[in-house]
Each structure stands twice: as structure tokens, then as C-alpha cells.
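Below you'll find the structure, written out as C-alpha cells, and then a few comments.
Any read-out appearing in this document is the output of simple, stated calculations on the displayed coordinates, not a laboratory observation. Keep in mind that what you see is a predicted model, and the values were worked out from it rather than measured. Cβ sites come from the backbone with ideal geometry, for glycine too, and all protein chains shown count toward neighbours.
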Amino acid sequence: MAVERTDAELIEACQRGDARAFETLYRRHRDWVVSLAFRFCGNHDDALDVLQETFHYLLRKLPGLRLSAKLTTFLYPAVKHRAIDRRRAATRMTALPAEEPVGMHGLPLDVREVWATLGPPQREVLELRFLEGFSLDEIAATLRLPVGTVKSRLHYALAALRQKIGEP
Amino acid sequence: MDDPLTRFLDRLEPPSVEVPEAVDRRILGHARWVLLRRRMMPVLAVAAVLLVAVTFGWQRYGGRSLQPGDVDGDGSVNIVDAYVLAVRLRDGSELDRTWDLDGDGHVDERDIEVLGKRSVALR
């Protein structure tokens, strides 16, 4: 049975010019990137543009890239900021409600209603933990926060969420 | 554990977004081109340096051999060069300063002698 190469090994292969390694990375993370982009920008075409921009960004960063965690922790801020920029640009050009919290598109309506009552930092740790399935260490690496801060933020976010959904 | 919070969190599913094949092709095609260009960069750099060196050398030496005494430009110094130099001196043809093998500042019969001795000397 062939052993699947890790993201770090694939990155090293890409740095040697291996296009197949890049394709493996792309196929591995494509759906995650486009889904995350859609949650932040709420538009299918914009999500596809963000997907393309994100992998172009990865190509530009490849030469000096040393992965210390999963590739998703490296890509998360790139996807998020690009998608939010797209959302802002669309808001400027159309009558979209700018105050609608980001990162909720595609979630069920009642979930969004509860989600919207939480503060952005609380939402973000909850999303990374329960929607993206990141470990505490990965959340800390993604948000560039100490693990202790992530734990406490998650604790308070869960307590707030418990209260919002009416659980005693 | 089947409390309301767990049920709520279980409902969190990332949205599914379909990616058309054309988008895959565009992204992967661009990646192949970028990676190929990066892989070829050292080769292209060496080729560029060689091209400059050859061009410079050609301009500097006009296509003549760089080996002193290689009068006929065949890449080696032998008795034929002594003969060709003799003919050139007799005809008054253009002479190259790299044929001044005894270093006296002139290309003349003494250089033919040096060439002759060199070409028959035991190495």
C-alpha cells in the first residue's frame, strides 16, 4: 500500500519543481479552500476566484515555505482575507447588508441566527474547532495565539453558545 | 452525550461548493507553467552566461583559436601550422599577434622555427 505523502513532503517536492506534487496538494485541499471562501464571501463565483487566488498565492510563497503545521493553518488567513475583501467589494457595489457577520454563508438559518449573537473572536474559534475540525494547536497556529488563550476563548464561546441555545 | 449543545454543533457542516473542471485545469495549468519555469531557471541562467561568453569570445578573437600557434585554427599545434605561417609570411597575409611565439613583438621566421620545434618535440 502506497503511503500518502504529508503536506510538508509535497511542499518540498513542489520546491523541486514537481507539478504532480502540487496537483496532489490541490486535490487534497481544494474543497476545503472553496468551502471556506464561500462561507466568508457568500458567492459561488467569488469563492472560485478566491480558490484560484489562494493557490496562486501558495505558488508564489513556495520557494521559501517551511511548513511547521498542516497546510490548512497556512492557507486559512489567506482564504479568509481574500474572501472578506471580495465580500466588501460586493457590498460597496450592491445593496448587500454590510453588517451581516462573515463566515456564516451556507450554514442553516437557525444556526446562523444563534451564531450571529456571538462575538467574532468566539465565532472564529468555534468555527475552526467544530466546523473545520482543527485541533487546539492548529487553531493557535492559525490565529497566532497561545494555546492557553485559544482554550479559554473556546471555553467562554461554548458557555455563551450554551446560553444562547437555552441549555441550562 | 446527547445534549442540545452537542446536537447544535453536530449540525455544523461546511457548505459544499462545486468546482468546475475548467477551474481545476486553469489553476493546475498555471502551476505547471510556474514550476517548469522555476525548474528551468538555473539552466537558462547557465545558457545565458555561455551565450554571453561565446559572443564576447567571438568578438574578441574573431573566431580564431585561443591556442597560441594554432595558425590554421584546427584546435591543435603541429607542423602544418608552421607551414601555414610560412605561407602567410611569404604572401604578406594578415598576421595575428598570438603567433608571436618567441615573444619578441614580431611575427616572423623565428616564430616558424619555434612552431616547428614545438610540433616535433617529444612531450
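Could you tell me the distance between the Cα centroids of segment B:1-52 and segment A:17-35, to the nearest Å? With segment B:1-52 and segment A:17-35 each reduced to a Cα centre, they are spaced 4 Å.
Straight-line reach from A:Lys151: taking Cα to Cα under 19 Å and skipping same-chain neighbours fewer than 8 places apart, the aspartates and glutamates in range are A:Glu124, A:Glu127, A:Glu132, A:Asp137, A:Glu138. Using only the C-alpha atoms, the convex hull of the protein assembly as shown corresponds to 273 Å³ per residue. As a rough footprinting exposure proxy, the listed residues A:His155, B:His30 were ranked by other beta carbons within 10 Å of their own, and the order from fewest upward is A:His155, B:His30. Roughly how many Å is it from the Cα centre of segment A:41-63 to that of segment B:75-123, as a whole number? So the separation of the two Cα centres works out to 70 Å. For the options B:Glu18, B:Glu109, B:Glu94, a Gaussian network treatment of chain B with springs between C-alpha atoms closer than 10 Å singles out B:Glu18 as fluctuating the most. Each residue of segment A:9-16 was assigned a 3J(HN,Hα) from its phi angle through the Karplus curve 6.51 cos²θ - 1.76 cosθ + 1.60 (θ = phi - 60°); the sequence is 5, 5, 4, 4, 5, 4, 5, 8 Hz, with glycine and proline shown as x.
Taken about its Cα centre, segment A:1-80 carries a charge dipole of about 240 debye when Lys and Arg each add +1 at the Cβ and Asp and Glu each add -1 at the Cβ.
When the charge dipole of the protein assembly as shown is built from unit charges on Cβ atoms (+1 for Lys and Arg, -1 for Asp and Glu) and taken about the Cα centre, the candidate among A:Ala89, A:Tyr156, B:His106 whose Cα reaches farthest toward its positive end is A:Tyr156. Over all other residues within a Cβ to Cβ distance under 11 Å of A:Ala83, the charged ones net out to +2, with Lys and Arg as +1 and Asp and Glu as -1.
Relative contact order, percent, of chain A when contacts are C-alpha pairs under 8 Å separated by at least 6 residues?
For chain A, the relative contact order is 21 percent.
Using C-alpha pairs under 8 Å with a sequence gap of at least 6, the mean separation divided by the residue count of chain B gives a relative contact order of 15 percent.
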